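Below: the structure, in structure tokens.
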Amino acid sequence: MLKFQVKAPAVISALVLAAAIATPAAAAVQVEFKNVAGVWFDPVGGVNLNTSANGGDGTIRWGYSTGYGQSGYNFVGTDFSASLDQAIDSSGSVNIGEFQHVNFPISSGGAITGVGLRFTTDVWADGSFLGTKTFEYNFSHNETTNQSNPCANGQPNNSGINVNGCADRVTMNFNSNSQVFQIGGKQYTLNLDGFLVDGSPSGGFWTKESAVNSAYIRGKIDLYSVASGVPEPATWAMMIIGFGGVGTMVRSARRRQMLAV
């Protein structure tokens, strides 16, 4: 009598391979973002706060000047596009707007520690209008002490980016209040991918004192579940079904092994 042994991992690998072969390659979708506008909202901390919006550009200022003016942020919006690769449910990183930190010396204790950027734009996919959508991002602000040595970035004071006193640092992340747009039955959003500083990608932005510091905000299209870190209900359901299916295959393979002995 011939005896056959079927290994569960082999069954799973074969099924995965068959599914991959049967799934046709997804085409790229050109997604355009038009009429971009940004406004700053919900600042944390800070004194003498002032916000304004001028067309697609938003500004926020804080603190009491010590000779140069208030410190603050500018957002300069421009239209842009990104190519969504549906095979990986993501796009490459693109510039979604210019960020400026007006980093002027202000009286101690007057700076914010964080603020939100509400980013509104018309979304088009392969020429079809998907609606006007709003995406939100959280900015964290580290107003350093100018007299420290070394400075917060670990470098000496009075040299390099710390030439006018210790540089400040700005970081940002995706806010799950952001809206979604539907393509191919899936929910996508505009995720963040750091800054582009002097042509180099960076997770944070060190900004020189007594200067207007500019960088591009980088973004990419991702599944909302990826950007927010919260799987969609349909994804949870598929995962549960998948786990159940794997369990069934493993049990079946074990039974066949026992019968073959």
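The values are calculated or read from the model by the stated rules, or taken from the named source; none is laboratory data. Quick caveat: nothing in here was measured; it's all calculated off a predicted structure. Heads up, the Cβs are rebuilt from the backbone with ideal geometry, glycines too, and the neighbour counts pull from every protein chain shown.
What do you reckon, is residue 145 assigned by TED's automatic domain parsing to the domain that holds residue 132, touching a Cys at 6+ places or on another chain (Cβ under 7 Å) and either modelled with pLDDT of 95 or more or more than 20 Å from residue 125 (Cβ to Cβ) (or both)? So residue 145 fits the description; yes.
Set side by side, the residues 82, 111 differ, and just one is assigned by TED's automatic domain parsing to the domain that holds residue 160 and touching an Asp or Glu at 6+ places or on another chain (Cβ under 7 Å), which is 111. Restricting 185, 203, 199, 194 to residues that are farther than 16 Å from residue 96 by Cα and among the small types (Gly, Ala, Ser) narrows the list to 185.
Do we have residue 118 as touching an Asp or Glu at 6+ places or on another chain (Cβ under 7 Å) and crowded, with 17+ Cβ neighbours inside 10 Å here? Spell out how you get there, then give the answer.
Values: touching an Asp or Glu at 6+ places or on another chain (Cβ under 7 Å): yes; crowded, with 17+ Cβ neighbours inside 10 Å: yes.
So residue 118 fits the description; yes.
Condition check for residue 152 on (1) under 19 Å from residue 45 (Cβ atoms); (2) touching a strand residue (DSSP E or B) at 6+ places or on another chain (Cβ under 8 Å); (3) among the hydrophobic types (A, V, I, L, M, F, W, C); (4) in contact (Cβ under 8 Å) with a residue 24 or more places away in the chain: one failure, at (4). Residues of the stretch 115-160 that are over 27 Å from residue 58 (Cβ atoms) and part of a strand (DSSP E or B): 128 alone. Scanning the stretch 92-108 for residues that are surrounded by fewer than 23 Cβ atoms within 10 Å (Cβ to Cβ) and under 28 Å from the mean Cα position of the chain (by Cα), which turns out farthest from residue 190 (Cα to Cα)? Taking the candidates together, the pick is 104.
Just the residues that are of a type in the set (S, T, N, Q) and within 24 Å of residue 164 (Cβ to Cβ), please, taken from the stretch 96-128. Give the derivation first.
Filtering the stretch 96-128 down to residues of a type in the set (S, T, N, Q) leaves 100, 103, 107-108, 113, 120-121, 128.
Scanning the stretch 96-128 gives 100, 103, 107, 108, 113.
Selection of the stretch 209-219 for residues being touching a Gly at 6+ places or on another chain (Cβ under 9 Å) and either crowded, with 18+ Cβ neighbours inside 10 Å or not assigned by TED's automatic domain parsing to the domain that holds residue 100 (or both) yields 209, 216, 217, 218, 219.
Condition first: charged (D, E, K, R) and either touching a residue at least 60 places away in the same chain (Cβ under 8 Å) or farther than 20 Å from residue 115 by Cα (or both). Now tell me which residues in the stretch 157-211 satisfy that. Let's see the steps before the verdict.
Of the stretch 157-211, the ones charged (D, E, K, R) are 168-169, 186, 193, 198, 208-209.
Listed by number, the residues that qualify are 168, 186, 193, 198, 208, 209.
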